[in-house]
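Peer 1: First the structure, then my questions, so here it is.
The values are calculated or read from the model by the stated rules, or taken from the named source; none is laboratory data. The structure displayed is predicted, hence computed values, not measured ones. With ideal geometry, Cβ positions are generated from the backbone for all residues, glycine too; neighbour counts draw on all protein chains shown. Keep in mind that these areas ignore ligands, DNA and RNA; they rest on the heavy atoms of the full protein, side chains included. Shrake-Rupley method; radii C 1.70, N 1.55, O 1.52, S 1.80 Å.
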Amino acid sequence: MIEKLSYSIPEAVQITGTGRSRIYQEVGQGRLRMIKCGRRSAILADDLRQWLHTLPEAKHRYDA
């Protein structure tokens, strides 16, 4: 199987579980890089992985 090098915005939304607006917000804030190839926008797989690793860890709250 060939590993994808880039993802479309809908693909990035699907694989990360985030919303489309969040992806565009992160791009607009400069935290996630988007590239253009003609009219098509894409996010490189490495950039998407790196962005995910910068997100804060969820804090679990357990009531015992």
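Peer 1: Filter region 20-31 down to the residues that are free of Cβ contacts under 8 Å to residues at least 24 places away in the same chain and either open to solvent by less than 100 Å² (accessible area, probe 1.4 Å) or farther than 15 Å from Tyr7 by Cα (or both) and list them by number.
Peer 2: Passing the criteria: Ser21, Arg22, Ile23, Tyr24, Gln25, Val27, Gly28, Gln29, Gly30, Arg31.
Quick grid of which residues meet (1) open to solvent by 100 Å² or more (accessible area, probe 1.4 Å); (2) in contact with a Cys (Cβ under 8 Å, 6 or more places away or on another chain); (3) outside any helix (DSSP H, G or I); (4) among the hydroxyl-bearing types (Ser, Thr, Tyr):
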{"position": "Val13", "(1), (2), (3), (4)": "no, no, no, no"}
{"position": "Arg33", "(1), (2), (3), (4)": "yes, no, yes, no"}
{"position": "Gln50", "(1), (2), (3), (4)": "yes, no, no, no"}
{"position": "Tyr62", "(1), (2), (3), (4)": "yes, no, yes, yes"}
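Peer 1: Quick one: is Ser6 open to solvent by less than 70 Å² (accessible area, probe 1.4 Å) and touching a Cys at 6+ places or on another chain (Cβ under 9 Å)?
Peer 2: Judged against the criteria, Ser6 is a match.
Peer 1: Right, another one. Hey, Ile43 hits all of (1) on the phi < 0 side of the Ramachandran plot; (2) not in a strand (DSSP E or B) but one; which does it fall short on?
Peer 2: (2)
Peer 1: Would you tally the residues in region 4-46 being closer than 18 Å to Pro56 by Cα and touching a Phe, Trp or Tyr at 6+ places or on another chain (Cβ under 6 Å)?
Peer 2: Within region 4-46, residues that are closer than 18 Å to Pro56 by Cα and touching a Phe, Trp or Tyr at 6+ places or on another chain (Cβ under 6 Å) number 1.
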